[in-house]
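**Student:** The structure that follows is given in the form of structure tokens.
The values are calculated or read from the model by the stated rules, or taken from the named source; none is laboratory data. All of these numbers come straight from a predicted model, not from anything done at the bench. Here the Cβ positions follow ideal geometry from the backbone for every residue, glycine too, while neighbour counts run over all protein chains shown. Ligands, DNA and RNA are excluded from the accessible area calculation, which covers all protein heavy atoms including side chains. Shrake-Rupley method; radii C 1.70, N 1.55, O 1.52, S 1.80 Å.
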Amino acid sequence: IRTMTRTLARALALAAGTAVAQDPEPAAAAGGAPAGEVLAPLDPVARWEVDRAALLDAAEVELEAFEYGARPLVVFADSPRQPQFIEQMRLIEADLAALGYRDVAIVVDSDPDARSGPRRALRPRGFALVLVDKDGRVILRQPGPTSAREITRAIDRSPLRQEEIRYRGGGG
């Protein structure tokens, strides 16, 4: 039996609504509250700024909040047990560093009944992977699992990423 990867385990926990989906450690390590003090929950953008590998629950996310700050990569599924969802989370975990370098915020939505903001805005059918650029334009929409390499290629071809490379030396 293969063990679950950390990102997949976090995604499944997030989809199930359990508290183990996100580690509170990055917030405390970033100069947060002293040990033992209860931290107020961070909004999704702040949580992503503290931990670029954080998985964000689509129910808490409004895509507009990431405008010109991050590229939301939204993984939609009908269930956290859907094989395409599980495979996609494995593919994302394979190159979290490259995605983080390109300012990708990973948003997970595996509950179609919740009608999250990203689900209403992007209207997926079944499994879907949707990458939104910093200006709010959809730059990649895939009906099946997609490698991190394909995702980073789509980002690197976008006009905003080309501008980041030219003017800010890579944007990361």
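**Student:** Using the beta-carbon distance between ARG90 and ASP156 and R0 = 22 Å, what value does 1/(1 + (r/R0)^6) give for FRET efficiency, to the nearest 0.05?
**Tutor:** According to the calculation, E is roughly 0.50.
**Student:** Quote the charge dipole size of region 130-172 about the Cα centre in Debye, to the nearest 20; the model charges only the Cβ of Lys and Arg (+1) and of Asp and Glu (-1).
**Tutor:** 60
**Student:** Something else now. Averaged per residue, what accessible area in Å² does region 107-172 show with a 1.4 Å probe, protein chains only?
**Tutor:** Ligands and nucleic acids excluded, the result is 53 Å² per residue.
**Student:** Label region 64-141 by shape, choosing from rounded, prolate and oblate, from the square roots a ≥ b ≥ c of the eigenvalues of the Cα gyration tensor; if a/c is under 1.5 it is rounded, and otherwise prolate applies when a/b is larger than b/c, oblate when it is not. Intermediate results must be reported in sequence, preceding the final value.
**Tutor:** On the way: a/c = 2.19, a/b = 1.17, b/c = 1.87.
It comes out oblate by the Cα gyration axes.
**Student:** Taking square-rooted eigenvalues a ≥ b ≥ c of the alpha carbon gyration tensor, is region 85-124 rounded, prolate or oblate, where a/c under 1.5 means rounded and, failing that, a/b exceeding b/c means prolate?
**Tutor:** Since a/c reaches 1.5 but b/c is at least a/b, the shape of region 85-124 is classed as oblate.
**Student:** Between region 110-172 and region 74-90, how many Å separate their Cα centres?
**Tutor:** Computed from Cα coordinates, the inter-centre distance equals 16 Å.
**Student:** If I take R0 = 25 Å and measure r between the Cβ atoms of TYR167 and GLU62 in this structure, what FRET efficiency does the formula 1/(1 + (r/R0)^6) give, to the nearest 0.05?
**Tutor:** 0.35
**Student:** Nearest 20 debye, what's the magnitude of the dipole of region 43-90 about its Cα centre given +1 on Lys and Arg Cβ and -1 on Asp and Glu Cβ?
**Tutor:** Values: 5 positive and 10 negative charges, 66 e Å.
For region 43-90, the charge dipole is close to 320 debye.
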